[in-house]
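Worksheet for the structure shown next.
The values are calculated or read from the model by the stated rules, or taken from the named source; none is laboratory data. Note that the structure is predicted; figures quoted are calculated from it, not measured. Backbone-built Cβ (ideal geometry, glycine too); neighbour counts: all protein chains shown. When the accessible area is computed, the model is the full protein with side chains, heavy atoms only, and any ligands, DNA or RNA have been set aside. Shrake-Rupley method; radii C 1.70, N 1.55, O 1.52, S 1.80 Å.
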Amino acid sequence: MITRVTRERRGRVLLTNHVLSGALVGALSRRPLPAFAAGVASHFVLDAIPHWGQWGSRSEFLHVAVCDGLVSLATMGAFTAVSPPDRRLAVLAGMAGAALPDLDKPTLLWFGWSPWPGPVNRFHMGIQRESRRRAYVEVLGACAFGAAAVIAVRRPRR
């Protein structure tokens, strides 16, 4: 069911940390379906942590969002490429699941609607606590998730 929501929904958390946490989840789970489901769940857990946001204008949001989107795509490509073959699909599934809930951002921006039902949109918006002064949360998260994901992806199979 496609729902319309307010355009204020376009702001919210950066995607890169969701992708990095999804890579970690996928590397640890080693199976695609559980990795995908855990990736989706991890998205909402991260969104519930107070983080950077509250963009002042559409222009400011787009400046950050385009850069973040490109970094997220590059991150997904890099982690997929360096993952051992036996974990590659799980890592990709974890990253895809972690990024999926934010599919509403481009659809809202370009088409004015969200692909998620109203209750999902309300829950997703309601759990987020943002501040323009919390960029350090994003940087620390990226460092922690990135390092942990690299270690988990490269560790030998048991």
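Whenever a residue of region 132-158 is over 21 Å from V82 (Cα atoms), its partners that are open to solvent by 90 Å² or more (accessible area, probe 1.4 Å) and assigned to a loop (DSSP other than H, G, I, E, B), lying with C-beta atoms within less than 9 angstrom and at least six residues away or across chains, give the pairs R132/Q54. Per the listing A98, A81, the residue uniquely in a helix (DSSP H, G or I), surrounded by 12 or more Cβ atoms within 10 Å (Cβ to Cβ) and of a type in the set (G, A, S) is A98. Against the conditions (1) more than 24 Å from R134 (Cβ to Cβ); (2) more than 14 Å from the chain's Cα centre (by Cα); (3) open to solvent by less than 60 Å² (accessible area, probe 1.4 Å), where does L62 fall short? Just the number, please. With respect to (1) more than 24 Å from R134 (Cβ to Cβ); (2) more than 14 Å from the chain's Cα centre (by Cα); (3) open to solvent by less than 60 Å² (accessible area, probe 1.4 Å), L62 is out only on (1). Tell me whether region 18-36 contains one or more residues that are farther than 18 Å from M125 by Cα and in a loop (DSSP other than H, G, I, E, B). Checking region 18-36: at least one residue is farther than 18 Å from M125 by Cα and in a loop (DSSP other than H, G, I, E, B).
Of the numbered criteria (1) over 16 Å from T16 (Cβ atoms); (2) touching a residue at least 60 places away in the same chain (Cβ under 8 Å); (3) among the basic types (K, R), the one R122 fails is (2). Can you spot a residue in region 42-50 that is surrounded by fewer than 19 Cβ atoms within 10 Å (Cβ to Cβ) and among the charged types (D, E, K, R)? No. Close Cβ contacts (under 6 Å, 6 or more residues apart or on different chains) running from residues in region 43-69 that are more than 13 Å from N17 (Cα to Cα) to residues that are in a loop (DSSP other than H, G, I, E, B) and of a type in the set (G, A, S) comprise G53/G11; W55/G11; F61/G11.
Scanning region 33-66 for residues that are at pLDDT 90 or above and not aliphatic (A, V, I, L, M) yields a total of 6. When the residues of region 137-158 are filtered to those that are within 17 Å of P50 (Cβ to Cβ) and out of contact with any strand residue (DSSP E or B) (no Cβ under 6 Å at 6 or more places or on another chain), the one that is most open to solvent (accessible area, probe 1.4 Å) is L140. For region 99-158, filtered to residues that are small (G, A, S) and in contact with a Leu (Cβ under 7 Å, 6 or more places away or on another chain), the residue that is nearest to A65 (Cα to Cα) is A99.
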